[in-house]
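Participant: Following this message is one structure expressed as structure tokens.
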Amino acid sequence: MVKNYKTQLKEINTFVFDVDGVFTDNIVILSDNGEQLRTANVRDGYAVQLAVKKGLLIAIISGGRSEAVRRRFEGLGVSEVYLGAGKKIDVFKSFLEKHSLLPENVCYMGDDIPDYAVMSHVGLACCPADAASEIKSIAAYISPRNGGAGCVRDVLEQALKVKGMWMDEESLIW
């Protein structure tokens with residue numbers, strides 16, 4: 001029997017996210033010095049820091065190498081930030097081993113082909129509305145929101161709600 005994704009969310013204790021196309025809108029601004037600038041949704045950030053405060057394990061696995069991305073997530077309380085991940089499934093398996101995690105207790109949100117192997121290996125695979133069709137085909141949940149437009153907030157808010165961790169005293173503090 002296939003479980004409803006909301007039932008699966010109750011069993012998830014770890015959330016792993018790609019960055020570009022999930023936290024960002026796939027638009028990269030190229031500066032004169034070669035730096036790639038991105039925008040991020042503040043509400044996604046709020047949900048991430050709240051999930052961390054509530055004791056959920058949050059990790060980032062990105063092929064990108066931007067130290068600004070690392071600083072952003074560390075500022076939100078995320079200590080597991082893996083950048084420059086050429087083969088994400090290898091990084092993911094090491095992450096599972098490091099924390100003695102079972103894949104069925106992990107939710108992964110990705111948007112493009114490099115995320116496919118990890119998404120095929122987790123308990124709950126999710127993606128933004130504008131993900132690649134191959135990714136949508138294996139996602140148990142497709143957020144109605146695009147990458148960079150609150151898809152992370154969507155998934156984390158639903159998880160926190162089904163766990164009874166949303167809109168309490170702690171939620172009112174950034």
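The values are calculated or read from the model by the stated rules, or taken from the named source; none is laboratory data. In this text the structure is predicted, and so the values were computed from the model without any measurement. Here Cβ is always computed from backbone atoms with ideal geometry, including for glycine, and neighbour counts include all displayed protein chains.
Participant: Mind listing just one residue for me: the one in region 131-165 that is without any contact (Cβ under 8 Å) to a residue 60 or more places away in the chain and assigned to a loop (DSSP other than H, G, I, E, B) and, of those, farthest from the chain's Cα centre (by Cα)?
Facilitator: Gly164
Participant: Within region 1-39, which residues are of a type in the set (Gly, Ala, Ser) and surrounded by 11 or more Cβ atoms within 10 Å (Cβ to Cβ)? Give the derivation first.
Facilitator: The initial filter retains those residues of region 1-39 that are of a type in the set (Gly, Ala, Ser), namely 21, 31, 34.
Correct list: Gly21 only.
Participant: Looking at (1) under 23 Å from Leu160 (Cβ atoms); (2) assigned to a loop (DSSP other than H, G, I, E, B); (3) of a type outside the set (A, V, I, L, M, F, W, C), which is the one condition that is false for Gly86?
Facilitator: For Gly86, the exception is condition (1).
Participant: Here is a follow-up. Inspect region 54-66 for any residue being modelled with pLDDT under 95 and touching a Lys or Arg at 6+ places or on another chain (Cβ under 9 Å) and give the result as yes or no.
Facilitator: Of the residues in region 54-66, the ones modelled with pLDDT under 95 are 64-66.
From the residues that got through so far, the ones that are touching a Lys or Arg at 6+ places or on another chain (Cβ under 9 Å) too are 64, 66.
Scanning region 54-66, I find at least one residue that is modelled with pLDDT under 95 and touching a Lys or Arg at 6+ places or on another chain (Cβ under 9 Å), so the answer is yes.
Participant: Could you count how many residues in region 107-130 are in a helix (DSSP H, G or I), out of contact with any Asp or Glu (no Cβ under 6 Å at 6 or more places or on another chain) and crowded, with 24+ Cβ neighbours inside 10 Å?
Facilitator: 2
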